[in-house]
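Enquirer: Provided herewith is a single structure, encoded as structure tokens, for subsequent inquiry.
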Amino acid sequence: MVCHRGAGKTVACVNELITRATYTQFKLARYAYVAPLRNQAKGLAWDYLKTFANNLIVKKSEADLSVDLFNGARITLYGADNPDAMRGYHFNGVILDEFGDMNPIVYSKILLPGTQARRGWMVFIGTPKQKNHFYDIYQRSQTDPDWFSYMLKASESNLISPEALAAARKQMTEDEYQQEYECSFEAAVLGTYYSKMITEIEQAQPPRISSLIEYDPDFPVNVHFDIGYTDSTAAWFWQPRPHGIAIIDYEEETGTTVRQWLEILAARGYSYDKLWMPHDARARTFATERSTLEQFLAAGFNVDIVPRLSVQHGIDAARLILPKCYFHPRCMPGIEALRAYRRSFNEKTKAFSNQPLHDWSSHGADAFRYLCLTAKELIIPPAPEEKPVLAPTSEPICLEELFLEYENRSRRRASL
């Protein structure tokens, strides 16, 4: 459901969870409401849940943000910023609020398997933010008979008065208004670094996102990591090719160890040239007494550290390298991270800062920055040194005349 700002979609979906949980025939049924951040879930839905289910609740936990109903059904609020909190659970129904602001792997790798086990259902709600993974889900819902699709624009709902809409329009850019109130996926998202370039890549002919961009055993595979010790670790797999950079794979996992990543690398079956790590890979941990770098080296990999340059330098390198990149569709989660990567916004000054916002997209985007800093040196040769061109002379000059000219110039400088 694509609904305008202030349409009441969160209230409606919280009540949907309560209704489904009340009338379910499933013993110990489990339902989830997921927001991009856990504190958002608490701020947006917790009071609604307690209020509307008040007469049905037999137990509630402020710590877990969960309520148990009289029939044993449980409704829990989660944040997509901590996907491990949902890993391994089976759900009868899930609401994903503002899915476009979440890491898409929360759906594909964690929630989808959890709902399939119980033949459960999902509802994706939000307002558009360009043609990202929320847009992809919306497009699928319009053609698949197993999906329900709904779009509600402010100009059609009559939920907000014309006067209030006119006032909002005066305070916003046209793109912001079209996005927030008219559900436009075409409106530009302010502050993004690469979204326009990603759109150009998607629209390119011949296609630059294609299943033909496959692993070629004639070229070595490089892997660039961004290591998350408490959250996600992201990795791009790529090969330098005569036509540019073939990015053949992307992987992002949460809560994984080096041993698990070694299994992931082995399962790919690629012939690796080098693994590239950020500088914090040198840090040792209390658990292993060895750094991430040392553990990969011990496993027999050729490992190196990416150049230590500023974030802005890496963003500039990414803008330079992106037009030379070709992607396999396996990389779509990483591509969505690049699309969503944006500057942080200062609410007090109402201006974008020079620093990126740290959210779910940061890990994939940071790993891609590291890739570009390295690939820039590999595929873009340094500019040749310019040498002065001597003007041709009409008459030949002998060596004796050159020495005489030099002596005359030396005398003139000495007399000054």
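The values are calculated or read from the model by the stated rules, or taken from the named source; none is laboratory data. Note that this is a predicted model, so its numbers are computed, not measured. Cβ atoms come from the backbone with ideal geometry, glycine included; neighbour counts cover every protein chain shown.
Enquirer: Report yes if GLU163 is at pLDDT 95 or above, over 30 Å from ARG241 (Cα atoms) and exposed (fewer than 13 other Cβ atoms within 10 Å of the Cβ), otherwise no.
Expert: yes
Enquirer: Looking only at the stretch 156-208, which residues are on the phi > 0 side of the Ramachandran plot and not small (Gly, Ala, Ser)?
Expert: ASN158, CYS183
Enquirer: Now a separate question. Restricting the search to the stretch 224-259, which residues are part of a strand (DSSP E or B), among the small types (Gly, Ala, Ser) and over 14 Å from ILE213 (Cα atoms)?
Expert: Within the stretch 224-259, SER232, ALA234, ALA235 meet the criteria.
Enquirer: Within the stretch 4-19, identify whether any single residue is farther than 27 Å from TYR181 by Cβ, assigned by TED's automatic domain parsing to the domain that holds GLN142 and surrounded by 15 or more Cβ atoms within 10 Å (Cβ to Cβ), and answer yes or no.
Expert: Yes, that holds for at least one residue.
Enquirer: So, in the stretch 249-270, of the ones that are of a type outside the set (D, E, K, R) and either surrounded by 22 or more Cβ atoms within 10 Å (Cβ to Cβ) or not assigned by TED's automatic domain parsing to the domain that holds HIS363 (or both), which residue ends up modelled with the lowest pLDDT?
Expert: It comes out as TRP261.
Enquirer: Listed residues ALA317, ALA283, ALA246; which is small (Gly, Ala, Ser) and at pLDDT 95 or above?
Expert: ALA246
Enquirer: Right, next: Quick one: PRO220 ticks every box in (1) in contact with a strand residue (DSSP E or B) (Cβ under 8 Å, 6 or more places away or on another chain); (2) at pLDDT 95 or above bar one, so which box is it?
Expert: (2)
Enquirer: For residues that are under 17 Å from the mean Cα position of the chain (by Cα), outside any helix (DSSP H, G or I) and either assigned by TED's automatic domain parsing to the domain that holds LEU357 or not hydrophobic (A, V, I, L, M, F, W, C) (or both), tally how many sit in the stretch 167-203.
Expert: Result for the stretch 167-203: 4.
Enquirer: Shifting gears a bit: Suppose we filter ASP273, ASP280 for residues that are in a strand (DSSP E or B) and in the same structural domain as HIS328 (by TED's automatic domain parsing); which single one remains?
Expert: ASP273
Enquirer: In addition: Show me the helices (runs of 4 or more DSSP H) found entirely inside the stretch 7-116 where at least 3 residues are closer than 30 Å to GLY364 by Cα.
Expert: Where helices (runs of 4 or more DSSP H) fall fully within the stretch 7-116 and carry at least 3 residues being closer than 30 Å to GLY364 by Cα, they are 38-41, 112-116.
Enquirer: Still on this structure: Can you work out which of the residues in the stretch 27-51 that are over 24 Å from the mean Cα position of the chain (by Cα) and buried (at least 16 other Cβ atoms within 10 Å of the Cβ) is farthest from ARG169 (Cα to Cα)?
Expert: ALA29
Enquirer: Based on this model, can you work out whether SER141 counts as surrounded by 12 or more Cβ atoms within 10 Å (Cβ to Cβ) and either in a loop (DSSP other than H, G, I, E, B) or touching a Lys or Arg at 6+ places or on another chain (Cβ under 6 Å) (or both)?
Expert: So SER141 does not fit the description; no.
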